[in-house]
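Note sheet for the following structure.
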Amino acid sequence: MADLEVTRDGPVAILTMNRPEARNALSAEMVDGLSHTLHALETDDSVRAVVLRGAGEHFMAGGDVKSFMSIGAEMSSGTTPMDARSLILHRIHHLHTVMFAMRRMQKPILAAVRGAAAGAGVSLAAACDLVMAADDAFFVMAYVNIGTSPDGSSTYFLPKALGLKKTMELALLGERHTAEAMAEAGLVNWVVPTGEFEDRVLAMAHRLASGPTHAMGRTKALLYSSYEREFEAQLQAEAEAFASCVETGDFAEGVAAFIQKRRPEFRGA
């Protein structure tokens with residue numbers, strides 16, 4: 001059974017982290033699958049929105065702690081601290097390829113969170129553009145509970161979504177937070193009843209996929225780049241992005257639909 005399953009629902013690509021027996025804890029195969037798949041979807045014009053979800057009752061319970069135990073065993077049997085550091089850095093940088101691909105992708109990515117989102121699961125959800133959570137979902141920055149600092153881009157995305165003090169609370173205390181609490185704090189966009197969750201996720205994914213894909217991609221890039229650019233540079237980027245959108249068929253369709261007082265039928269180009 002593959003640790004990542006990829007399915008399609010029309011223009012929506014659904015990526016399912018598939019280790020339900022381990023609450024979808026991160027494996028090397030899963031990271032490989034996410035990295036390769038996201039790169040492939042980036043250039044697949046038939047895909048206009050992506051859903052990231054977990055198999056079974058949970059989103060993702062973070063890194064595979066059992067593998068960390070094996071590193072400790074190797075150190076006690078003669079592996080040097082430098083060897084362990086090299087191995088850990090390799091694993092973390094491997095995960096970074098996924099985060100870079102998610103940030104770069106010019107298509108909206110929706111996290112569909114049920115049950116546990118812990119450790120790297122929080123990082124993955126935060127790296128998605130939008131988050132829909134079932135009312136049974138909970139979020140926990142579990143790193144401090146095993147004596148590590150966070151990874152997986154959570155220290156980049158969470159302060160921007162939650163603010164510094166709330167992120168400090170999550171990271172330093174390692175406590176669970178409900179989906180409703182995370183919606184109030186700004187990490188979760190929608191909390192929906194568990195019984196409606198799958199239908200609501202697909203409905204939102206198809207709504208995103210029916211939009212002007214090029215314009216959404218430019219919007220996504222602008223919003224993320226606003227963290228680093230100075231005011232004048234951001235305004236120039238806005239102007240260039242707008243001009244590139246004007247060259248698309250979706251812009252012509254949007255203007256025509258506005259004038260004709262009808263719903264636009266965007267084609268993603």
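The values are calculated or read from the model by the stated rules, or taken from the named source; none is laboratory data. Note that the structure is a prediction, hence the values are computed from the model and not measured. No Cβ is skipped: glycine too gets one built from the backbone with ideal geometry, and neighbour counts run over all protein chains shown. Just so you know, the surface numbers come from the protein's heavy atoms only, side chains and all, with ligands and any DNA or RNA stripped out. Shrake-Rupley method; radii C 1.70, N 1.55, O 1.52, S 1.80 Å.
Which chymotrypsin sites (Phe, Trp or Tyr not before Pro) in region 167-269 pass both tests, a DSSP loop state and at most 11 other beta-carbon atoms within 10 Å?
Working: sites: Trp190, Phe197, Tyr224, Tyr227, Phe231, Phe242, Phe251, Phe258, Phe266; in loops: Tyr227, Phe266.
Listed in order of number, the matching sites are Tyr227.
Solvent-accessible area assigned to carbon and sulfur over the chain amounts to 58 percent, based on a 1.4 Å probe.
How would Ser27, Ser86 rank on accessible area, largest to smallest, probe 1.4 Å? Before the final figure, lay out each step's value.
Details: Ser27 20, Ser86 75 Å².
From most exposed to least exposed: Ser86, Ser27.
So what is the accessible area of the chain per residue, in Å², with the probe set to 1.4 Å?
Working: 13790 Å² over 269 residues.
About 51 Å² of surface per residue is accessible.
Top mean-square fluctuation among Gly254, Gly63, Gly54, Gaussian network model of the chain, C-alpha springs under 10 Å? Result for the chain, Cα springs under 10 Å: Gly254 fluctuates most. In loop segments of region 176-269 as defined by DSSP, the GluC sites (Glu not before Pro) with at most 16 further C-beta atoms inside 10 Å of their C-beta are Glu228, Glu230, Glu247, Glu265.
Were the residues from Arg85 through Glu230 laid out at 0.36 nm apart, the gain over their Cα-Cα distance would be 48.6 nm. Basic side chains Lys and Arg get +1 at the Cβ, acidic Asp and Glu get -1 at the Cβ, and with that the dipole of the chain about its Cα centre reaches some 280 debye.
For the chain, the longest principal axis of the C-alpha atoms and the axis of helix 28-42 are separated by about 10°.
Model label points for His93 and Glu42, set 7 angstrom from Cα along the Cα-to-Cβ axis, are 1.8 nm apart.
Heavy-atom accessible area for Leu4, with the other protein chains in place and a 1.4 Å probe, reaches approximately 20 Å². GNM remark for the chain: springs join alpha carbons under 10 Å apart, and the peak mean-square fluctuation among Arg53, Arg207, Arg85 falls on Arg85. Binning the alpha carbon pair distances of region 124-243 at 5 angstrom intervals from zero yields the distribution 2, 10, 16, 18, 16, 16, 12, 7, 3, 0, expressed in whole percent.
With viscosity set to 0.890 mPa s and temperature to 25 °C, compute the Stokes-Einstein D of region 172-223, Rh being the Kirkwood radius across alpha carbon pairs; µm²/s, no decimals. Could you put the intermediate results ahead of the total?
Values: Rh = 13.5 Å.
Translational D for this selection: 182 µm²/s.
Can you give the angle from 0 to 90° between the axis of helix 164-173 and the longest principal axis of the chain, with both taken from C-alpha atoms, to the nearest 10? Computed tilt is about 30 degrees.
Give me the Kirkwood hydrodynamic radius of region 173-262, using the inverse of the mean 1/r over all pairs of distinct Cα atoms, in Å to one decimal.
On the way: mean 1/r = 0.0610 Å⁻¹.
Final number for the Kirkwood radius of region 173-262 is 16.4 Å.
Entry note: the chain has Rg to Rh equal to 1.00, where both radii use alpha-carbon atoms and Rh is the Kirkwood radius.
Per DSSP H run of at least 4 residues, take -39500 (n - 2.57); add these up for the chain, divide by its residues and hand me the 222 nm value, nearest 500 deg cm²/dmol.
Helix-only estimate at 222 nm: -16500 deg cm²/dmol.
Within the full protein context, the accessible area of Met204 is estimated at about 30 Å² for a probe radius of 1.4 Å. Label positions at Trp190 and Leu164, each projected 7 Å from the Cα along the C-beta direction, are separated by 3.4 nm. Computed over protein heavy atoms with a 1.4 angstrom probe, the accessible surface ordering of Ile14, Ile259, Ile88, largest first, is Ile259, Ile88, Ile14. Comparing Gly119, Gly147, Gly56 in a Gaussian network model of the chain (Cα springs below 10 Å), the most mobile by mean-square fluctuation is Gly147.
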